[in-house]
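Asks: Mind having a look at this structure? Questions to follow.
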Amino acid sequence: MTTAIREQTVGEVLSANGVSRRTFIKFCVSTASFLALAPGMGQVIAKQLLKTKRPSVIYLSFQECTGCLESLTRSYTPSVENMIFNMISLDYDDTLMAAAGKQSEEARDAAIKENYGKYLVVVDGAVPLGNGGVYNTQGGKSAVQILRDTAKGAAAIVCVGTCSSYGGLPYANPNPTGAVPVSDIITDKPLINVPGCPPIPAVITSTLVQYVTLGVPALDAHHRPLAFYGNTIHDRCYRRPYFDVGKFAKTFDDEGARNGWCLYELGCKGPTTYNACATVKWNEGTSFPIESGHPCLGCSEPSFWDRNGSFYAPLAAGLIGSLAPAGEAAGVGAAVGIGAAALSRLRSRARTQSRAAEKTASKED
């Protein structure tokens, strides 16, 4: 890609591609709504895009299954082709780019040199440290070396998927490759985690749009965008009313399951999982696992593979207790013996107190 094209603003590229002002404004307003921003922020996004140069993006793939990239290429809001050709300059992605081997490595090095201090690094997959990092090498370099070299001149790092965000399945016990999340290696750059196994397509692209237009978004304690990870799946689940009145499916084919009752007793991790599955959904907003009759696995949470035991066992009593404020945990004890509505109120109160404590700690820092 020529330097002249790289220097174009997003607005100039959109205009060159025949995008009308009406369509452009509609897109910006829709994006603001999707990000749960105030209505007036659509105009702010529009003004910012008109003058913002497309950032160079380097996409690194390490210990992963390509599921996250597959998810990204199926995005519809905004579409991935719109992202690549209009809003960002995807200068390196060894899975999508036509070049391979030496040519692809040269493209990455050129992008780093030409955009030093300004480019965005997107990382997909955990980083193995075992035996000197030999479990993942590219062009004679280990994944950890590539990550460190590429991150030096980056403006920010976006971790796409649970593997790069928390270590994911490679990090699960017994972790034979010594896999770690990106945050264990890169500690001096702004970090945005977009976890999920894989993440929702529109969440990935919308997070990138928000970064391009407004910078690093508001994040939670796990560096996740609050726009998409600010509530638990349980908070917005359409089966929540059944939980509150204590109506639970006992098996996958009983009367409760057929009537759409709560899947809590079949192992649903929705009460402890922060994600937008219940609102944004999958397949162009068609459905999400719980709506398809399967309990949430909690894949956007750290160590989801190990920490909950069986995917199909109800949340452990100790874990439920940990959601209640100090002094109330003993009373919560186990799911059995406490009303679902009362348990829900305790969880809600615990979340409120936890967030208040985080804000206080942040102000003190």
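Rule-based calculations on the coordinates, nothing more; no lab input. Predicted model, so just to flag it, every value in this text is computed and none were measured. Heads up, the Cβs are rebuilt from the backbone with ideal geometry, glycines too, and the neighbour counts pull from every protein chain shown.
Asks: Just how large is the dipole of segment 112-154 about the Cα centre, in debye to the nearest 20, putting +1 at every Lys and Arg Cβ and -1 at every Asp and Glu Cβ?
Replies: On the way: 5 positive and 3 negative charges, 29 e Å.
With Lys and Arg at +1 and Asp and Glu at -1, about 140 debye.
Asks: Could you give log10 I(q)/I(0) at q = 0.08, 0.09, 0.15, 0.17 Å⁻¹ for segment 53-227, computed by the Debye formula over C-alpha point scatterers of equal weight, without solvent?
Replies: After summing over all Cα pairs, the log10 values are -0.21, -0.27, -0.79, -1.05.
Asks: Another question, if that's okay. Which parts of segment 132-174 would a label at Ala100 reach, counting a residue when its backbone N lies under 15 Å from a point 7 Å out along Cα-to-Cβ?
Replies: 139
Asks: For segment 157-316, what D do you get in µm² per second when you plug the Kirkwood radius from alpha-carbon pairs into Stokes-Einstein at 4 °C and 1.567 mPa s?
Replies: On the way: Rh = 16.5 Å.
Estimated diffusion coefficient is 79 µm²/s.
Asks: Between Ser310 and Ser20, 0.36 nm times their residue separation minus their Cα-Cα distance comes to what?
Replies: 99.2 nm
Asks: Based solely on C-alpha atoms, express the radius of gyration and the Dmax of segment 141-199 in angstrom.
Replies: Just the Cα atoms of segment 141-199 yield Rg and Dmax of 11.5, 34 Å.
Asks: Also: Want the number for Lys247 to Asn283: 0.36 nm per residue separation, take away the alpha-carbon distance, what's left?
Replies: Values: separation 36, 0.36 × 36 = 12.96 nm, distance 2.85 nm.
Taking Lys247 through Asn283 to full extension adds about 10.1 nm, to one decimal.
Asks: For Leu169, what charge total do you get from the other residues with a beta carbon under 12 Å from its beta carbon, if Lys and Arg give +1 and Asp and Glu give -1? Don't jump to the answer; show the numbers that get you there.
Replies: On the way: positive: none; negative: Glu64, Asp306.
Charge balance in the 12 Å sphere: -2.
Asks: Please give, to one decimal in nm, the separation of the simple spin-label points placed at Lys47 and His294, each 7 Å out from Cα toward the Cβ.
Replies: 4.6
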